[in-house]
Amino acid sequence: MRFLGWLVLGSMMLWGVPLQAESHNVPPEGFEALFNGRDLSGWHGMGHFDPRKLAAMSDEQRSEKRAADMIGVREHWTVEDGQLVNDGRGPYLTTDREFGDIELWVDYKTVPKADSGIYLRATPQVQIWDYTEEGGKWHIGADKGSGGLWNNSPGAPGKDPLVLADRPFGEWNRLRIIQVGARTTVYLNDQLVVDHAIWENFWDRSRPLFPQGVIQLQTHGGEIRWRNIFVREIPPEEANRILASHGNEGFQSIFNGQDLTGWTGAVDNYEVRDGAIVCRPGRGGTLYTEAIYEDFVSRMEFRLPSAGNNGLAIRYPGSGNPAYSGMCEVQILDSEDPRYANLDPRQYHGSVYGMVAAHRGYLREVGEWNFQEVTVQGSKIRVELNGNVILDADVSTVTEFMGNAAHPGKDLPRGHFGFAGHSDPVEFRNVQMRCLSSQSDVADETQDER
């Protein structure tokens, strides 16, 4: 929390100094300008277009499409007095580069009855529109103001802005967007309008938001002007701190960072190194908590070596293979290593091992720390990796198992939490737990076992 407060305060202080005319489009320290104030260098045109279809095109087809879109850009986009100006028509202005985790600052000014927005990762959108009754769109939420993730599902967090923060027409508005994974925070004119909400994948709501993608300035229905378009790419360590700073009430550390007090099982096969639990190379087995848990949320950071393999033992009874004797094993794996190219989908990172496959493509590079949160409630398991929900499953409904191997422990209501080592030096740190059900009877049972 202390770090995030510093981050917010620091950025607001940068914005707090009024930008003089000669300073427009000059980025503050740590940011780069996506618009240079003179021309459209670094941008091209593309409308509302599924990025999966774009990726499926040949190079020649993509080149032809870009050339056709640039005709529309030249007709409807101009640069005037250091401002990007669109007449409300034509393709959206689109960055040549793709971005992942970012902080984005944008100034815009629009007119009555206009309707616009900002696409991130080629996905709609942070909404910009006429918030007045005269604009004619109160029936679809315009009365709540701009800044919301309008294409989220009805009732989903982030769809409607928390407050109405738009300035009157003729004045400039300022958006500040922080996106880590699919987790998105939006400030409009220094007011929080979206608070760490999941940005849904409009193109396929069954999957997380794309790991990377272009930024687009939408055009729709009326003139809009843009300036001071600044971006800062958020590095993994900072991204993890941002994720850890939200929703952290009630979490307690279950690893002291110094030794394995409170842990049992294969303690000789693990060590504590630089504040992390590490499986000794060539060793393995299950290291698990002395405490027993029922429903809980676990948070941790983990770091994989090349081809690293481990797992989270969920409701482990204290013996046997946790993937089968426990409720399940949530796989921890360097999924993109070539030696794992032909695994069963239910074996890749984040999967409920042998039962339910997780979405792939959201791990950080080997050697970087990942942030993961696992929620277990009854028979349901939800895995959020680096701000992306990669698995949301109910194991009670699983009837088909990898290799037709039964999982007799999958219906266990409680058990230990641990790490299922497989000879690789996978590291875990900042291991925390928040109980979702009363632990009084569980604690008594743990005491009896001793």
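The values are calculated or read from the model by the stated rules, or taken from the named source; none is laboratory data. Bear in mind that the values here come from a model prediction, so they are computed numbers and not experimental data. Here Cβ is always computed from backbone atoms with ideal geometry, including for glycine, and neighbour counts include all displayed protein chains.
Within the range 278-301, the set of residues being more than 23 Å from L436 (Cα to Cα) and either touching a His at 6+ places or on another chain (Cβ under 7 Å) or crowded, with 23+ Cβ neighbours inside 10 Å (or both) comprises C279, G284, T286. The set of residues in the range 265-288 that are assigned to a strand (DSSP E or B), out of contact with any helix residue (DSSP H, G or I) (no Cβ under 9 Å at 6 or more places or on another chain) and under 16 Å from G311 (Cα atoms) comprises G265, Y270, A276, I277, V278. Go through the residues of the range 176-188 one by one and say whether even a single one is touching a residue at least 24 places away in the same chain (Cβ under 8 Å), among the aliphatic types (A, V, I, L, M) and not in a strand (DSSP E or B). Yes, the range 176-188 contains a residue that is touching a residue at least 24 places away in the same chain (Cβ under 8 Å), among the aliphatic types (A, V, I, L, M) and not in a strand (DSSP E or B).
Test R183 against the criterion of being modelled with pLDDT of 95 or more, surrounded by fewer than 22 Cβ atoms within 10 Å (Cβ to Cβ) and charged (D, E, K, R), and give yes or no. It is false that R183 is modelled with pLDDT of 95 or more, surrounded by fewer than 22 Cβ atoms within 10 Å (Cβ to Cβ) and charged (D, E, K, R).
Listed here are the residues, each with its yes/no results for (1) among the hydroxyl-bearing types (S, T, Y); (2) out of contact with any strand residue (DSSP E or B) (no Cβ under 6 Å at 6 or more places or on another chain).
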site: I102; (1), (2): no, no
site: V111; (1), (2): no, yes
site: S116; (1), (2): yes, no
site: T132; (1), (2): yes, yes
site: G148; (1), (2): no, no
site: V163; (1), (2): no, no
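Selection of the range 302-327 for residues being surrounded by 21 or more Cβ atoms within 10 Å (Cβ to Cβ), part of a loop (DSSP other than H, G, I, E, B) and either among the hydrophobic types (A, V, I, L, M, F, W, C) or modelled with pLDDT under 95 (or both) yields L304, M327. Scanning the range 139-180 for residues that are surrounded by 15 or more Cβ atoms within 10 Å (Cβ to Cβ) and among the acidic types (D, E) gives D160, D166. Against the definition (of a type in the set (S, T, Y), assigned by TED's automatic domain parsing to the domain that holds R303 and over 23 Å from D344 (Cβ atoms)), how does T397 come out, yes or no? No, not satisfied. Being under 27 Å from the mean Cα position of the chain (by Cα) and not hydrophobic (A, V, I, L, M, F, W, C) is the requirement here; does S319 meet it? It is false that S319 is under 27 Å from the mean Cα position of the chain (by Cα) and not hydrophobic (A, V, I, L, M, F, W, C).
Quick check on the range 233-255. Is at least one of its residues within 29 Å of N388 (Cβ to Cβ), in contact (Cβ under 8 Å) with a residue 40 or more places away in the chain, in contact with a Pro (Cβ under 8 Å, 6 or more places away or on another chain) and not in a loop (DSSP other than H, G, I, E, B)? No, the range 233-255 contains no residue that is within 29 Å of N388 (Cβ to Cβ), in contact (Cβ under 8 Å) with a residue 40 or more places away in the chain, in contact with a Pro (Cβ under 8 Å, 6 or more places away or on another chain) and not in a loop (DSSP other than H, G, I, E, B). Here is the figure for the range 379-421: residues that are in a loop (DSSP other than H, G, I, E, B), of a type in the set (G, A, S) and touching a Pro at 6+ places or on another chain (Cβ under 8 Å) total 1. Here E329 passes the criteria (1) touching a helix residue (DSSP H, G or I) at 6+ places or on another chain (Cβ under 7 Å); (2) farther than 19 Å from V267 by Cα except the one numbered (2).
R360 falls short on exactly one of the conditions (1) outside any loop (DSSP other than H, G, I, E, B); (2) surrounded by fewer than 23 Cβ atoms within 10 Å (Cβ to Cβ), and that condition is (1). Of everything in the range 93-129 that's charged (D, E, K, R) and modelled with pLDDT under 95, which residue is surrounded by the most Cβ atoms within 10 Å (Cβ to Cβ)? Selected residue: D115. Residue count for the range 49-72 satisfying the condition of being closer than 23 Å to W203 by Cβ and of a type in the set (A, V, I, L, M): 5. Could you list, in sequence order, all residues of the range 79-99 that are closer than 21 Å to D130 by Cα and either in a loop (DSSP other than H, G, I, E, B) or not assigned by TED's automatic domain parsing to the domain that holds A114 (or both)? Selection gives D87, G88, R89, G90, P91.
Here R89 meets the list (1) of a type in the set (K, R); (2) touching a residue at least 60 places away in the same chain (Cβ under 8 Å); (3) under 17 Å from E200 (Cα atoms) almost entirely, failing just condition (3). Look at (1) touching a residue at least 60 places away in the same chain (Cβ under 8 Å); (2) closer than 30 Å to G378 by Cβ; (3) out of contact with any His (no Cβ under 7 Å at 6 or more places or on another chain); (4) not acidic (D, E) and you find that G262 fails only one, number (1). Of the candidates V267, V272, V330, V278, the single residue that is under 23 Å from the mean Cα position of the chain (by Cα) and at pLDDT 95 or above is V330.
Of the residues making up the range 201-232, those that are in contact with a Ser or Thr (Cβ under 6 Å, 6 or more places away or on another chain) and either modelled with pLDDT under 95 or in a strand (DSSP E or B) (or both) are Q216, H220, I224. Quick one: would you say S245 is within 30 Å of N173 (Cβ to Cβ) and hydroxyl-bearing (S, T, Y)? For S245, the condition - within 30 Å of N173 (Cβ to Cβ) and hydroxyl-bearing (S, T, Y) - is met.
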